[in-house]
Every structure is written in structure tokens, then in C-alpha cells.
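Each remark here refers to the structure printed beneath this line.
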Amino acid sequence: DGGITQSPKYLFRKEGQNVTLSCEQNLNHDAMYWYRQDPGQGLRLIYYSQIVNDFQKGDIAEGYSVSREKKESFPLTVTSAQKNPTAFYLCASTRYGLAGEELFFGEGSRLTVL
Amino acid sequence: AQSVTQLGSHVSVSEGALVLLRCNYSSSVPPYLFWYVQYPNQGLQLLLKYTTGATLVKGINGFEAEFKKSETSFHLTKPSAHMSDAAEYFCAVSESNFGNEKLTFGTGTRLTIIP
């Protein structure tokens, strides 16, 4: 079955540590997205990529970094510069990145900073 | 820029009763409108969407929504609630002259079903 796989599902981190969240898709989608979800705030866009080797900042990119070396993969690094990293992180993809397309989501990664 | 407002962060209905989740939007160009559902500790799944054409849109699991331009609304309904409908529901809007990166989500409505 085609879909998006995020790992790990749960992650604990000490303050000052960088962590990388994995996102892999086998849908042959061009566009991939990272969202952050906090209670009562909906989803906010961190980074997105519409093509390999290119990505753009979303609304809340500070303290995060990404890469898109392969079409299937879009890992997110939460750096020590992110002031409040505890959150639920969702990766998504769409076929072309066009308005009106359905977003396909992974099951999320919950990061807790101790 | 577009925005979306979901009225009521928590809604409770009895099993078998009508489900009505409210969504109002603002957009300077014709909008694309979506409803997504999220079960606990999972990603979101598309329920239905409106892009063009018929304003009454039918989705999965018996849900439907009607695009009302004059009221800038896209409320989600289901005639008879089922226990499995308990989840969080997100309305989202994007503008047709931008890419998907401009999709804006509402803050969500948590639906509880009372047995």
C-alpha cells in the first residue's frame, strides 16, 4: 500500500539536543510538507518542498531545518535553537503541490523535550 | 490572505443525532475548502473538499458540506452520529491562485458522541 511513513512515533529529547524526524513516501508525489500541531492551534506549516533539492520556509521555520535529496524523503531536524519544540509533527505530501489537491498525511511524530 | 474560523472547539452530540460542525472562511479570491478528520495520535484524513461546481459536497463516512458564498461558510453535517465519528475535525481553506503551501487550517473542533 502506498503512503507516508513517519518515524519515530514518539521521541524524547533533552534540551540542547538536535533531533531528526524521518518522513518517507512511496506515492510518487512531488510536493512534501512538514506541519507542527499544538493543542488548540491547528496545523502550522514549517517547511515545504515542491521538487527535489529545493525547499521553502513556511510560517514557523525558525529553529528547524530540512533537506530533500530524494523525491521519497523529506527529513526534518529540530535544532536546539527551537525555543519550544514539544509538539506533534506531521508530514504530508501532494501530487503536484497545487491548490485544491488532497494532502496525504503520515501518522505523526510526538516530540517531548525533557 | 485567507483565514478560517471554526465555531466551537468542542461539540457533543448523542448517538443518532445530527452532527453540525461550523466553518467560516475569508478569502479574496474563489476559495478551495476542505474538511479533514483526525483520530487520536494519528495524521489527518480528507473527508471532503470543494473546488468548483456543485456547492453540496458529499464525502466519506456519510458526511457532507455545503459551500455558501453569501455566508462565507462551509459547515459539515452528518444526519446521524455514530460512535466512530468521535474525532477532531479541521476545516481548511486555500486560494485558487496559490499553491498548496498557502493552505490555512482552522483550530479544530473535537466531536464527542454520547451513547
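Every number here is computed from the coordinates shown, using simple stated rules; none is lab data. Remember, it's a predicted structure, so these values are computed and weren't measured experimentally. Using ideal geometry, Cβ is built from the backbone for each residue, glycine included, and neighbour counts are taken over all protein chains shown.
Ranked highest first by the average count of other Cβ atoms within 10 Å around their residues, in what order do A:75-87, A:91-103 fall?
A:91-103, A:75-87
Could you give the size of the charge dipole of the range B:25-96 about its Cα centre, using +1 on the Cβ of each K and R and -1 on the Cβ of each D and E, expressed in debye and rounded to the nearest 20?
So the dipole magnitude of the range B:25-96 works out to roughly 140 debye.
What's the magnitude of the charge dipole for the range A:27-85 around its Cα centre, counting Lys and Arg as +1 and Asp and Glu as -1 at the beta-carbon? Answer in Debye, nearest 20.
It comes to approximately 80 debye.
Could you tell me which of the pairs A:Lys57/A:Lys83; A:Lys9/A:Lys83; A:Lys14/A:Lys71; B:Lys49/B:Lys102; A:Lys71/B:Lys68; A:Lys57/B:Lys69 are separated by over 27 angstrom between their Cα atoms in the structure shown?
Long pairs (Cα-Cα over 27 Å): A:Lys14/A:Lys71; A:Lys71/B:Lys68; A:Lys57/B:Lys69.
For the range A:17-108, take the alpha-carbon Rg, divide it by the Kirkwood Rh, and send me Rg/Rh.
With Rh from the inverse mean 1/r over Cα pairs, Rg/Rh is 0.94.
How many angstrom lie between the Cα centre of the range B:51-115 and the Cα centre of the range A:53-114?
24 Å
Quick one: Debye curve from the alpha-carbon atoms of the range A:43-91 only, equal weights, vacuum; give me log10 I(q)/I(0) at q = 0.19, 0.26 Å⁻¹ to two decimals.
-0.60, -1.05
Averaged across orientations, what area in nm² does the convex hull of the alpha carbons in chain B project?
6.9 nm²
Under a Cβ-only charge scheme (Lys and Arg +1, Asp and Glu -1), can you give me the dipole magnitude of the protein assembly as shown about the Cα centre, in debye to the nearest 20?
Computed about the Cα centre, the dipole is about 300 debye.
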